[in-house]
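A quick write-up on the structure given underneath.
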Amino acid sequence: MKIKNPATNKVIAELTDNSPSEIKSKLNTLRKGQKEWSRLSVRERLDCIVKFGELMQANKEELAAILTSETGKPLQQSLNEIVGAQNRIDHLKNNAEKWLADENLVDSGATHEKIVYEPLGVIANISAWNFPYNVGYNVFLYALVAGNSVMYKPSEYASLTGKQFEKYLHEAGIPKNVFMCAIGDGKLGQRILKEPFDGYFFTGSHATGQKIASTVASKLVPVQLELGGKDPLFVADDVPDVKVAAVNAAEGAFYNNGQSCCAVERIYVSEGIYDDFVEAFVNEVESYVLGDPTNPDTFLGPLTREQQIAVLKDQVGDAIAKGAILKTGGQAIEGEGYYFQPTVLINCTHDMKVMQEESFGPIIGIQKVKDDEEAVALMQDTEYGLTAAIFSSNEDRAMEVLRQMNTGTVYWNCCDRVSPNVPWSGRKSSGLGATLSVQGIRAFVQPKSYHLRS
Ligand code: NDP
């Protein structure tokens, strides 16, 4: 498998794909390893995870360089991702023993009833490339702490990063038969689905998630899907400072080149501040430095996947044909690498793809709304349900809007953020199940009820 640098289009590494028989033999090895691993205490398992976190932080420059080389993420954002991921480990360190402890419920008379949380077994974790450190951590660390073993299939666009996980987890004391990478493309992912894993945990697109859920349905084991979004932001007319709102909205839309599941993908603006907002927003976007992702000043690097350029061009053409105004950008950049200009479309309407389909790139549609009721109706009008945000100075007003959102996460005066304290979950076409928080660890255990009489 050839790994290309999306900034230069050059091959930077070659890896050998795993064969189907290797997947089978890895699964057998992981099954044996899981039995031993699950006998350790939660604290002993956590000690390895904490050590892994220390190794990641100690080697963050090298890890960031690898991530940038294979995904084109600007170096500073790669570093942010590694540093930011540590909060999952701290949170697990402080809470996992409590979350996984036996629950002694009734001890009256001769009968004792309790719940014991047992691991699922061997987990298949098929993952995405856009925040590979974060989305990997969100799944496999919780699975490991809960006593499972894991086969981790990174995206073919983040395979070098996946190999680093394997290296440092093993160095941190996680046995080699408890965490293993499977290297390959989507076909290898399909192959993994054929094997009898005890749970399938997937991060990626809605289209692939749906295929995975239907393929493994007959196995009757847990399936969890963290999928895409078309996340709306409503900028209400009572924001204290339109310019500040525009700067924050632009960062929510363009960080990581818009390649975030929870990136702001469409913006609704109250008519009273619409023109001022658009002007400030476009000024901010035009100030972004685009170019070599290893340059510390770069905010926008190349797209990770060349195929996405066609999707973005199509959305721009469709919007313009249906009456949108292109305020800036709109074109792929000729030459080396998969660069696309940061693009702002205004006067958008809901018959446009840019307001309905995940863009996953540096492009945003903005639409004017007359009141909160119209904003709520439009915010709800896609197949997705990952996050929704409002900027407003009035908490009651914001809460009334957020209460009506059928999404896993809502934001008031912030956007595009994830925290280990609260569950991360999608509704509708954005997914099934939750990662992070107590819910994220309970996903990897099954309760056993004890009825005990002495
Ligand atoms: P894809 O769905 O293309 O791929 C995800 C993973 O599935 C990859 O490892 C891929 O392998 C593998 N795969 C592809 N086809 C199959 C198949 N038929 N059977 C089994 N596995 C398969 O998603 P992307 O990697 O492009 O990720 C981007 C998407 O992920 C966006 O929609 C984004 O919103 C979403 N996402 C959601 C998050 C959330 O928490 N809700 C977080 C991050 C991203 P390969 O890449 O090697 O082809």
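The values are calculated or read from the model by the stated rules, or taken from the named source; none is laboratory data. The structure displayed is predicted, hence computed values, not measured ones. Cβ sites come from the backbone with ideal geometry, for glycine too, and all protein chains shown count toward neighbours.
Does Ala375 fit the bill of being small (Gly, Ala, Ser) and closer than 23 Å to Asp238 by Cβ? Spelling it out, Ala375 is indeed small (Gly, Ala, Ser) and closer than 23 Å to Asp238 by Cβ. Going through (1) among the hydrophobic types (A, V, I, L, M, F, W, C); (2) in the same structural domain as Glu373 (by TED's automatic domain parsing); (3) farther than 30 Å from Thr349 by Cβ one by one, Leu188 falls short only on (2).
Being touching a Phe, Trp or Tyr at 6+ places or on another chain (Cβ under 6 Å) and not acidic (Asp, Glu) is the requirement here; does Tyr133 meet it? It is false that Tyr133 is touching a Phe, Trp or Tyr at 6+ places or on another chain (Cβ under 6 Å) and not acidic (Asp, Glu). Among the residues of the stretch 272-299, those identified as hydrophobic (A, V, I, L, M, F, W, C) and farther than 22 Å from Met355 by Cα are Val289, Leu290, Phe299. When the stretch 182-222 is examined, which residues are found to be away from the ligand (no atom under 11 Å from the Cβ) and surrounded by fewer than 22 Cβ atoms within 10 Å (Cβ to Cβ)? The answer is Glu195, Pro196, Asp198, Ala217, Ser218, Lys219, Leu220, Val221, Pro222.
The residue of the stretch 117-137 that is nearest to the ligand (Cβ to nearest atom), among those that are over 22 Å from Met1 (Cα atoms) and crowded, with 24+ Cβ neighbours inside 10 Å, is Val135. Considering Ala7, Ala13, the condition of being in contact with a Leu (Cβ under 9 Å, 6 or more places away or on another chain) and of a type in the set (Gly, Ala, Ser) is satisfied by Ala13 alone.
Is it the case that Val418 is out of contact with any Pro (no Cβ under 8 Å at 6 or more places or on another chain) and under 19 Å from Gly136 (Cβ atoms)? Considered against the rule, which asks whether it is out of contact with any Pro (no Cβ under 8 Å at 6 or more places or on another chain) and under 19 Å from Gly136 (Cβ atoms), Val418 comes out as yes. Checking each residue in the stretch 300-332 for being farther than 25 Å from Ser205 by Cβ and touching a residue at least 40 places away in the same chain (Cβ under 8 Å) picks out Lys327, Thr328.
From the list Glu54, Glu44, Glu36, the one residue that fits, being part of a helix (DSSP H, G or I) and under 22 Å from Leu160 (Cβ atoms), is Glu54. Filter the stretch 263-278 down to the residues that are touching a residue at least 12 places away in the same chain (Cβ under 8 Å) and surrounded by fewer than 24 Cβ atoms within 10 Å (Cβ to Cβ), then identify the one that is nearest to Tyr384 (Cα to Cα). Residue satisfying both the conditions and the ranking: Ser270. Could you list all residues from the stretch 408-454 that are crowded, with 17+ Cβ neighbours inside 10 Å, touching a residue at least 40 places away in the same chain (Cβ under 8 Å) and in a loop (DSSP other than H, G, I, E, B)? Selection gives Cys415, Asp416, Val418, Pro420, Gly426, Ser429, Ser430, Gly433, Leu436, Ala443, Phe444. Return yes when Leu160 is of a type outside the set (D, E, K, R), under 25 Å from Val11 (Cβ atoms), away from the ligand (no atom under 11 Å from the Cβ) and at pLDDT 95 or above and no when it is not. Yes; evaluated as a whole, the condition is true for this residue. For the stretch 292-310, taking the residues that are within 16 Å of the ligand (Cβ to nearest atom) and β-branched (Val, Ile, Thr), the one that is nearest to Glu70 (Cα to Cα) is identified as Thr304.
Checking each residue in the stretch 214-256 for being more than 24 Å from Lys368 (Cα to Cα) and under 21 Å from the mean Cα position of the chain (by Cα) picks out Pro222, Val223, Gln224, Leu225, Glu226, Leu227, Gly228, Asn256. The single condition among (1) touching a residue at least 24 places away in the same chain (Cβ under 8 Å); (2) surrounded by fewer than 17 Cβ atoms within 10 Å (Cβ to Cβ) that Lys10 does not satisfy is (1).
If I ask for residues that are within 15 Å of Tyr157 (Cβ to Cβ) and either touching a Lys or Arg at 6+ places or on another chain (Cβ under 7 Å) or not assigned by TED's automatic domain parsing to the domain that holds Leu141 (or both), which ones from the stretch 13-57 would you list? Of everything in the stretch 13-57, just one residue is within 15 Å of Tyr157 (Cβ to Cβ) and either touching a Lys or Arg at 6+ places or on another chain (Cβ under 7 Å) or not assigned by TED's automatic domain parsing to the domain that holds Leu141 (or both), namely Glu14. Taking the stretch 328-391 and the strands (runs of 3 or more DSSP E) fully enclosed by it, the elements with 1 or more residues that are surrounded by fewer than 22 Cβ atoms within 10 Å (Cβ to Cβ) are at 363-369.
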